[in-house]
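Novice: Have a look at this one before I ask anything.
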Amino acid sequence: MAKGKKKKRPSGTFGIGTEIILAGLVVLFILSGGASIVNSFLDGVHFHGLPSSRGDFTGLVLGAIGVAVGLAILVWRRLSGGVGARWAAEILGIRSVDDIYAMSPAQFEEFTAFLFQRRGFEVRVVGHTGDEGIDIELRPQHAEPGTRMVAQCKRYRGSVGQPIVREFYGSFANQAAEGYLVTTGTFTQPAREWAASRPLHLIDGAELLRWTEQVAQGMHRERLSAPQPV
């Protein structure tokens with residue numbers, strides 16, 4: 001894989017310091033909003049020796065803004081696949097899902113097969129010669145003879161819907177024990193619900209990037225433990 005610039009922060013991510021600051025601001029705004037609500041309920045209530053409180057919705061508005069900002073960040077990170085992918089960037093040159101999407105279809109299949117191999121599978125890329133869209137044949141190491149799993153790679157930016165998931169399942173249901181549908185995009189909720197009760201694993205862009213980071217971390221540990229030249 002191509003090497004990336006080691007000091008460049010992964011695109012689509014924040015530094016840990018920035019994330020802590022943002023989280024602190026969101027919590028502060030939420031607490032301010034809660035205090036505003038309590039204060040509003042206490043409006044007009046008199047306590048011994050204390051003046052009556054007055055409703056102030058400034059904190060509530062700030063709290064709502066804080067919640068909206070926090071949710072927006074979570075949605076953005078989900079859609080962009082942004083995670084802390086330090087080793088994926090340094091070892092594999094993968095900083096975001098966009099880097100994976102930039103691969104050609106054939107490169108994406110090879111890269112996905114590489115990830116499966118590093119996760120303990122024996123792999124064989126069949127690509128366009130595959131049967132009805134099956135791109136990779138898989139076999140868990142130490143599995144019983146004849147155990148077969150398959151994977152299909154979808155290099156998408158958008159969402160993969162239920163029809164595609166159903167079509168893939170139909171292509172291997174009578175030939176393999178399990179299937180993996182891997183995409184650089186996302187899956188619709190109906191697609192996830194349909195696959196939930198079947199031997200079908202849906203790997204979206206965010207999960208694919210997590211796999212990449214895990215594999216890169218393993219490669220980093222192997223390098224550290226390898227005998228050093230004298």
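The values are calculated or read from the model by the stated rules, or taken from the named source; none is laboratory data. Please read all numbers here as calculations on a predicted model, not as lab measurements. Backbone-built Cβ (ideal geometry, glycine too); neighbour counts: all protein chains shown.
Novice: What number of residues in segment 175-230 are closer than 14 Å to VAL150 by Cβ and among the hydroxyl-bearing types (Ser, Thr, Tyr)?
Specialist: 1
Novice: What number of residues within segment 178-194 satisfy the criterion of being surrounded by fewer than 16 Cβ atoms within 10 Å (Cβ to Cβ) and aliphatic (A, V, I, L, M)?
Specialist: Here the count works out to 0.
Novice: Just to be sure before I move on: is GLY205 assigned by TED's automatic domain parsing to the domain that holds VAL123 and either within 18 Å of the chain's Cα centre (by Cα) or at pLDDT below 95 (or both) in the structure I sent?
Specialist: In short, yes.
Novice: Moving on. I'd like to check something: does segment 195-202 contain any residue that is over 23 Å from the mean Cα position of the chain (by Cα), among the polar types (S, T, N, Q) and surrounded by fewer than 13 Cβ atoms within 10 Å (Cβ to Cβ)? Before you say what the answer is, go through the steps one by one.
Specialist: Filtering segment 195-202 down to residues over 23 Å from the mean Cα position of the chain (by Cα) leaves none.
No, segment 195-202 contains no residue that is over 23 Å from the mean Cα position of the chain (by Cα), among the polar types (S, T, N, Q) and surrounded by fewer than 13 Cβ atoms within 10 Å (Cβ to Cβ).
Novice: What number of residues within segment 205-226 are in contact (Cβ under 8 Å) with a residue 24 or more places away in the chain and either surrounded by 19 or more Cβ atoms within 10 Å (Cβ to Cβ) or not polar (S, T, N, Q) (or both)?
Specialist: Count: 13.
Novice: Give the residue that is surrounded by the fewest Cβ atoms within 10 Å (Cβ to Cβ), with candidates limited to residues of segment 92-110 that are aliphatic (A, V, I, L, M) and in contact with a helix residue (DSSP H, G or I) (Cβ under 8 Å, 6 or more places away or on another chain). Quick ask: steps written out before the conclusion?
Specialist: Residues of segment 92-110 aliphatic (A, V, I, L, M): 92, 94, 97, 100, 102-103, 106.
Now drop any that are not in contact with a helix residue (DSSP H, G or I) (Cβ under 8 Å, 6 or more places away or on another chain), which leaves 92, 94, 97, 100, 103, 106.
On the way: LEU92: 23, ILE94: 27, VAL97: 27, ILE100: 22, MET103: 17, ALA106: 13.
Looking at residues that are aliphatic (A, V, I, L, M) and in contact with a helix residue (DSSP H, G or I) (Cβ under 8 Å, 6 or more places away or on another chain), I get ALA106.
Novice: Which one of these is at pLDDT 90 or above and either basic (Lys, Arg) or within 17 Å of TYR101 (Cα to Cα) (or both): ARG223, ARG198? I'd like the intermediate steps shown before the answer.
Specialist: Details: ARG223 fails: at pLDDT 90 or above.
Result of the check over ARG223, ARG198: ARG198.
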